[in-house]
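Asker: Can you read through this structure? Questions will come right after.
The values are calculated or read from the model by the stated rules, or taken from the named source; none is laboratory data. Keep in mind that this is a model prediction, so the values were computed, not measured. Counting neighbours? That spans all protein chains shown, and the Cβs are built from the backbone with ideal geometry, glycine included.
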Amino acid sequence: MRLRAGSGILGGDMPTREPKFPRTPVIVVSGFLGSGKTSLVRHLLRDAQASGSRVAVVSNEFGELGIDRALLGGGGQAFVELDGGCVCCQLTDELVETLESLRREVRPDRVVIETSGVALPYDTQLNLYREPVSRWVGEDIAVVVVGAEQLAAGRDLTQTFEDQVTSADYLVLNKLDLVDAGRVEALEARLREIEPEAPIVRAVRGRVDPRLLFVPRPRPERGGPDPRREHSHEDFASRELEVPPGIDPERLESALLRGRALRAKGFVELDGGVRLVQLVGPRFELLDPPDDLDPGLVGRVVVIGREPLRVSLAGEDDA
Ligand SMILES: [Zn+2]
């Protein structure tokens with residue numbers, strides 16, 4: 001497990017997040033200009049519109065998104081462009097203020113921050129641990145979009161590129177329609193050399209399965225078939241895992257990773273009490289649950305991953 005804000009490295013100095021619920025997930029989308037960040041953001045907006053979720057977008061890539069206001073559904077008030085500097089270092093106060101006013105005015109279910117091409121996602125994420133936004137932000141996920149063509153050409157793979165790639169929770173290898181299919185494995189290997197842990201998701205035109213970033217809530221009825229999804233370039237599966245009380249968290253973590261899970265979220269009862277379990281890329285976290293948690297949700301973890309998704313808590317001890 002890597003060290004991240006809120007998971008140890010800065011834990012001593014960071015304000016702890018109050019366990020109020022539901023908290024709002026924030027996705028930070030980074031990557032070079034031309035990597036396809038904007039099409040990924042548009043794709044997330046279309047998905048939110050289809051699923052009836054309210055999204056607020058903060059874009060630091062000025063003028064790039066050229067946003068289709070209709071996708072925002074709310075007359076455009078949920079879209080803010082931050083201009084005049086980089087959101088990870090120069091406009092950090094503006095970012096916090098903007099997020100706070102979006103929360104007040106829009107009450108978004110999801111927030112997407114599109115950084116400039118030179119911004120570092122980790123530095124951007126640190127602002128989510130500042131008051132007052134730390135009170136309502138839920139999971140913060142760094143997605144770094146990599147243009148396959150750029151990688152294939154070996155263009156600008158310098159320090160900024162490496163810094164972005166190594167702080168990703170998910171790497172989106174995008175624009176795969178612009179390179180030879182036979183080169184994809186070699187490109188992934190190249191990314192692996194720089195960042196060995198973060199899952200790599202293949203994409204064309206920024207189409208990434210939105211469930212990876214915004215985990216759906218457990219369905220009212222347990223089990224049942226996976227609902228049909230709009231085709232995204234790389235198809236993932238989702239399952240609901242029943243987790244018995246008193247499970248050893250390490251056993252749960254290894255079951256998720258062995259079973260090809262890329263993302264998981266749910267509530268489990270451990271020996272010390274109920275905890276929120278989150279798997280975000282290579283990060284496995286146990287967090288405080290909300291005070292007003294519906295007991296019917298405990299013991300149920302939604303898991304998203306590659307087919308064949310074989311997450312099971314049985315068998316490890318018997319094998
Ligand atoms: Zn910056």
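Asker: Within segment 105-128, which residues are part of a helix (DSSP H, G or I) and near the ligand (Cβ under 8 Å from one of its atoms)? Walk me through it before giving the result.
Answerer: At the first step, the residues of segment 105-128 found to be part of a helix (DSSP H, G or I) are 105-106, 121-128.
Listed by number, the residues that qualify are Asp123, Thr124.
Asker: State which residue is nearest to Glu139 (Cα to Cα) when the search covers only segment 96-122 and only residues that are in contact (Cβ under 8 Å) with a residue 12 or more places away in the chain and of a type in the set (Ser, Thr, Tyr). Give the steps one after another, and end with the answer.
Answerer: Pass one, segment 96-122, residues in contact (Cβ under 8 Å) with a residue 12 or more places away in the chain: 96, 98-100, 102-103, 105-122.
Restricting the remaining residues to those that are of a type in the set (Ser, Thr, Tyr) gives 98, 115-116, 122.
Details: Thr98: 18, Thr115: 18, Ser116: 21, Tyr122: 13 Å.
Result: Tyr122.
Asker: Select from segment 84-98 the residues that are closer than 23 Å to Gly206 by Cβ and among the aliphatic types (A, V, I, L, M) and write down the one among them that is nearest to the ligand (Cβ to nearest atom).
Answerer: Val87
Asker: Pick from Leu95, Leu40: which is closer than 16 Å to Asn127 by Cα, at pLDDT 90 or above and of a type in the set (A, V, I, L, M)? Even if it seems obvious, please write down each step before you answer.
Answerer: On the way: Leu40 fails: closer than 16 Å to Asn127 by Cα.
Just a single option satisfies the conditions, and that option is Leu95.
Asker: So which of Leu71, Leu126, Leu120 ends up being modelled with pLDDT under 90, within 21 Å of the chain's Cα centre (by Cα) and surrounded by fewer than 23 Cβ atoms within 10 Å (Cβ to Cβ)? I'd like the intermediate steps shown before the answer.
Answerer: Numbers: Leu126 fails: modelled with pLDDT under 90; Leu120 fails: modelled with pLDDT under 90.
The conditions single out Leu71.
Rundown of residues vs (1) assigned to a helix (DSSP H, G or I); (2) hydrophobic (A, V, I, L, M, F, W, C); (3) closer than 23 Å to Phe284 by Cα, yes/no style:
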| position | (1), (2), (3) |
| --- | --- |
| Thr160 | yes, no, no |
| Gln164 | yes, no, yes |
| Leu187 | yes, yes, no |
| Glu193 | yes, no, yes |
| Val201 | no, yes, yes |
| Val204 | no, yes, no |
| Val208 | no, yes, yes |
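Asker: Restricting to segment 166-201, what's the tally of residues that are of a type in the set (Lys, Arg) and buried (at least 16 other Cβ atoms within 10 Å of the Cβ)? Show your work before the answer.
Answerer: Applying the first criterion (of a type in the set (Lys, Arg)) to segment 166-201 yields 175, 183, 190, 192.
Filter once more, keeping what is buried (at least 16 other Cβ atoms within 10 Å of the Cβ): 175, 190.
Of the residues in segment 166-201, 2 are of a type in the set (Lys, Arg) and buried (at least 16 other Cβ atoms within 10 Å of the Cβ).
Asker: Turning to a different aspect of this structure: State all residues of segment 118-133 that are among the charged types (D, E, K, R) and within 12 Å of Asp93 (Cα to Cα); if no residue qualifies, say none.
Answerer: Initial filter on segment 118-133 (among the charged types (D, E, K, R)): 123, 130-131.
Answer for segment 118-133, where residues must be among the charged types (D, E, K, R) and within 12 Å of Asp93 (Cα to Cα): Arg130, Glu131.
Asker: Of everything in segment 249-279 that's in contact with a helix residue (DSSP H, G or I) (Cβ under 8 Å, 6 or more places away or on another chain) and not charged (D, E, K, R), which residue is surrounded by the fewest Cβ atoms within 10 Å (Cβ to Cβ)?
Answerer: Leu270
Asker: Return yes or no: is Val133 surrounded by 21 or more Cβ atoms within 10 Å (Cβ to Cβ), more than 28 Å from Pro216 (Cα to Cα) and touching a residue at least 24 places away in the same chain (Cβ under 8 Å)?
Answerer: Values: surrounded by 21 or more Cβ atoms within 10 Å (Cβ to Cβ): yes; more than 28 Å from Pro216 (Cα to Cα): no; touching a residue at least 24 places away in the same chain (Cβ under 8 Å): yes.
Here the answer is no, as Val133 does not meet what is asked.
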